[in-house]
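Have a look at the structure below before the remarks.
The values are calculated or read from the model by the stated rules, or taken from the named source; none is laboratory data. Just so we're clear, the structure is a prediction, and the values are computed from it rather than from any experiment. Here the Cβ positions follow ideal geometry from the backbone for every residue, glycine too, while neighbour counts run over all protein chains shown. When the accessible area is computed, the model is the full protein with side chains, heavy atoms only, and any ligands, DNA or RNA have been set aside. Shrake-Rupley method; radii C 1.70, N 1.55, O 1.52, S 1.80 Å.
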Amino acid sequence: MLPKGQYDIGKMPRFGLSKFVNRFPKQTESVEIRISGKVEHPSTFNKEFAILSRTQLRADFHCVTTWSSRNQVWEGVLFEEFFNRLILPEVKPMNGADFIVLYGQDGYRACLPLRDLLSSNVILADCLNGQPLGIEHGAPLRLVASDHYGYKSVKYIHKIDFLMNGAGYRPAGLKFMEHPRARVAKEERGLVLPGWLLRYIYRPLVKPTIAKFERALASNVENPE
Ligand SMILES: Nc1nc2c(c(=O)[nH]1)N[C@H]1C(S)=C(S)[C@@H](COP(=O)(O)O)O[C@H]1N2
Ligand SMILES: [Mo]
């Protein structure tokens with residue numbers, strides 16, 4: 001059974017906000033993540049990432065616009081493992097810095113409370129269904145937070161900021177489109193408008209958006225920058 005308001009779309013489409021349709025990551029060869037914000041030692045991790053223990057996550061993926069893609073198998077490291085083994089000891093976030101912003105190389109960003117990121121089914125993935133992540137799904141590294149709508153699962157991650165609260169944070173899209181937690185089980189699709197109403201506003205956008213994102217990917221493959 002899928003969560004309320006979702007339908008099975010079959011395979012996973014490349015998807016996102018229209019303003020990111022033509023933006024692609026510059027660096028997909030290896031992982032490089034800058035940790036900054038309210039921390040004692042802002043740091044950049046790359047090779048260190050390889051020492052973390054790896055894990056697999058089989059989960060359904062739910063986009064806020066109502067499509068879901070079932071049974072995707074992701075591989076990578078638990079966000080919790082990255083946090084406990086590298087961020088806590090080396091970067092030392094300040095007490096209370098639990099509003100986290102994840103940034104993609106395309107300029108996209110999303111926030112989540114630290115407690116949601118530390119859940120046992122949130123991973124930083126570099127593989128999908130047994131293959132290294134492609135450019136369409138977030139190479140070299142993306143978040144996968146399956147209890148939350150897809151817009152929290154930032155692709156092409158290159159920076160993570162620890163903030164004290166959301167006061168200085170600007171969402172990537174319009175303000176009402178980003179719920180601070182976006183839990184699928186509670187249908188937290190956005191702010192102001194109820195989840196069930198947003199279904200009807202978003203659903204007609206699915207097909208044209210997928211088509212736009214497919215075309216943009218095809219022309220980028222022919223003509224990378
Ligand atoms: N960097 C980045 N991450 C992103 C997006 C984006 O446009 N850029 N779109 C989000 C949205 S709305 C969804 S539904 C998923 C789609 O993931 P996919 O393209 O791998 O299917 O990525 C999310 N993460
Ligand atoms: Mo989405």
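Miscellaneous remarks
- Remark: the range 83-225 carries 47 Å² of accessible area per residue (probe radius 1.4 Å; ligands, DNA and RNA excluded).
- In the context of the full set of protein chains, residues of the range 1-70 present 56 Å² of accessible surface per residue (probe radius 1.4 Å, heavy atoms only).
- Cα Rg over Rh - the range 137-217, Kirkwood: 0.98
- Highest mean first, the peptides 135-142, 170-177 sorted by other C-beta atoms within 10 Å per residue fall in the order 135-142, 170-177.
- Distant-in-sequence amide H partners of residue 43 (H built 1.01 Å from N, under 5 Å): 35
- Anisotropy class of the range 69-225 from Cα gyration tensor, a/c 1.5 cut: oblate
- Accessible heavy-atom area order of 85, 58, highest first, probe of 1.4 Å: 58, 85
- Derived scalar couplings ³J(HN,Hα) [the range 26-31; Karplus, 6.51 cos²θ - 1.76 cosθ + 1.60; whole Hz; x for Gly, Pro]: 7, 10, 10, 5, 8, 6
- In order through the range 3-11: 3J(HN,Hα) via Karplus (6.51 cos²θ - 1.76 cosθ + 1.60), integer Hz, x for Gly, Pro: x, 3, x, 9, 10, 7, 9, x, 6
- Per-residue Karplus couplings for the range 40-45, computed as 6.51 cos²θ - 1.76 cosθ + 1.60 with θ equal to phi - 60°, are listed in order as 6, 10, x, 9, 10, 10 Hz, Gly and Pro entered as x.
- Relative packing of peptides 5-12, 65-72 - highest average C-beta neighbours within 10 Å first: 65-72, 5-12
- In plain terms, if you count all Cα to Cα distances in the range 1-155 and split them into 10 Å steps from zero, the share in each step is 10, 41, 37, 11, 1 percent.
- Between residue 189 and 195, the built amide H atoms are under 5 Å apart, and every one of these is 5 or more places off in sequence or on another chain.
- Rg/Rh (Cα only; Kirkwood hydrodynamic radius) as it applies to the range 81-162: 0.96
- Overall, the accessible surface of the range 92-215 at a probe of 1.4 angstrom is composed of carbon and sulfur to the extent of 58 percent.
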